[in-house]
Amino acid sequence: MRTLLACLLVLIAFPVVGADAPADGKAVLDQAIEAAKAVENVHFKVKIQPEGVIANFIGAAEAEGVLAGWDPEINLPAKFWTRLTTTLPRTTDPVTYTGGSNGEMFYLVDHTNKKGYEDIDPGVFGSAGQVLNSAVPISLVNDSPYSQDAAGESFELLENATVGGVECYTVKVVFGEANFEKEAILHFGTEDLLPRRMVRHYDVSGQGTGKLILDFDALDPNPTLDAKRFSMTLPEGFEQIDDFAP
C-alpha cells in the first residue's frame, strides 16, 4: 500500500511567465520543468477527490501548507508544514492533522485526538504519514520536477479549457502499458502556466480503475516564510506524547 500511495504523489512545476506559447504537450512540460528549478519554496492549497478504486486508498481531502527547499538525503522538503483534513477510506468522520519539520525535528499534531508527537525521525508521523504523503504534492520543490509525467510515452496538447474561471492549456500524457497510471490530463493557466487541475487515471491490477482529481485554489511560489510554522506548537489542552504516532 505504501508503494501505491507513493506513486500517487503529484509532481507539480512552475513555468516561466511570459514564455512563448508552447507548440505541443511536451513543450508545456519542458517549460514547466525548467521554470520549476528556480522555485525554492511554495505555498499551496489543494482539494483532492478520489474516484473508483482509488477511493480505497485515499480519502477526499483539503490541504494547505508551505514547502521550503529539498533535502535529498531524506527525500523530503528541507522544511515544511501541512495542515490536512480528510475522511479516511471506509470511515465517516473527518480527521485533521498538521505535520511538519524545521529541518531538525519532525512533528505531527493530531487535532482530532488532541495529541502531538515530535522526534528527529520522520517515522514520528506514524500511519498519518501515509495520509499526508498521499494527499500533499511534496514534489513541488524536489530535484526532478515532473519526472513522472516526462517519462510518459506520448504527449498531446488538447483544446484549451476553462478551470475555475482561468483559461488553461490542456495536456494529455499517456503512460506505458506496465504502468498502473494510464494517463493524466493536466490543465495549466495560459497566462502563467501554473497548474489549475490534474486528473490522473489508474488501472490497479485485480482491483479495477479509478482516478485522482486535484484542484489548486492557490499555488504561490517563493512566499515569505514564517519560521514558527515549521516547529510544533500545541494548542491549549493538547497532550504531547513521547513516542511515535500510531
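Read-outs throughout are calculated quantities, based only on the coordinates presented, and are distinct from any laboratory measurement. Keep in mind the model is a prediction, meaning the values are calculated, not measured. Glycine also receives a Cβ, built like all others from the backbone with ideal geometry; neighbour counts cover every protein chain displayed.
Descriptive notes on the structure:
- Residue with peak Gaussian network fluctuation, the chain [Cα springs, cutoff 10 Å], from Thr82, Thr91, Thr233: Thr91
- P(r) tail for the chain: Cα pairs beyond 23 Å make up 50% of the total.
- Once the Cβ-Cβ distance of Gln207 and Ala178 is raised to the sixth power relative to R0 = 25 Å, the FRET efficiency obtained is 0.95.
- Cα-based shape type of region 25-113, given that a ≥ b ≥ c are square roots of the gyration tensor eigenvalues and the cut on a/c is 1.5: oblate
- The C-alpha atoms of the chain define a longest principal axis, and helix 25-36 lies at about 40 degrees to it.
- Value of relative contact order over region 96-246, rounded to a whole percent, pairs C-alpha under 8 Å and six or more apart: 25
- For Lys26, Lys47, order by how many other beta-carbon atoms lie within 10 Å, fewest first: Lys47, Lys26
- Per-residue Karplus couplings for region 212-229, computed as 6.51 cos²θ - 1.76 cosθ + 1.60 with θ equal to phi - 60°, are listed in order as 10, 10, 10, 10, 9, 7, 7, 9, 10, x, 6, x, 5, 8, 9, 4, 5, 6 Hz, Gly and Pro entered as x.
- Remark on Thr190: its backbone amide H falls under 5 Å from those of Glu167, Cys168, Tyr169, a criterion applied only to residues 5 or more positions apart or on other chains, H modelled at 1.01 Å from N.
- Per-residue ellipticity at 222 nm, computed for the chain from helices alone with -39500 (n - 2.57) per DSSP H run of at least four residues, works out to -3000 deg cm²/dmol.
- Summary value for region 27-150: 23 percent relative contact order, contacts being C-alpha pairs under 8 angstrom separated by 6+ residues.
- Scalar couplings 3J(HN,Hα) for region 51-62, obtained by applying the Karplus form with A = 6.51, B = -1.76, C = 1.60 to θ = phi - 60°, are 9, x, 4, 5, 5, 6, 10, 9, x, 4, 8, 10 Hz; x denotes Gly and Pro.
- For region 107-118, 3J(HN,Hα) computed residue by residue from phi via the Karplus equation (6.51, -1.76, 1.60; θ = phi - 60°) reads 9, 9, 10, 9, 5, 5, 9, 6, 9, x, 9, 8 Hz, glycine and proline entered as x.
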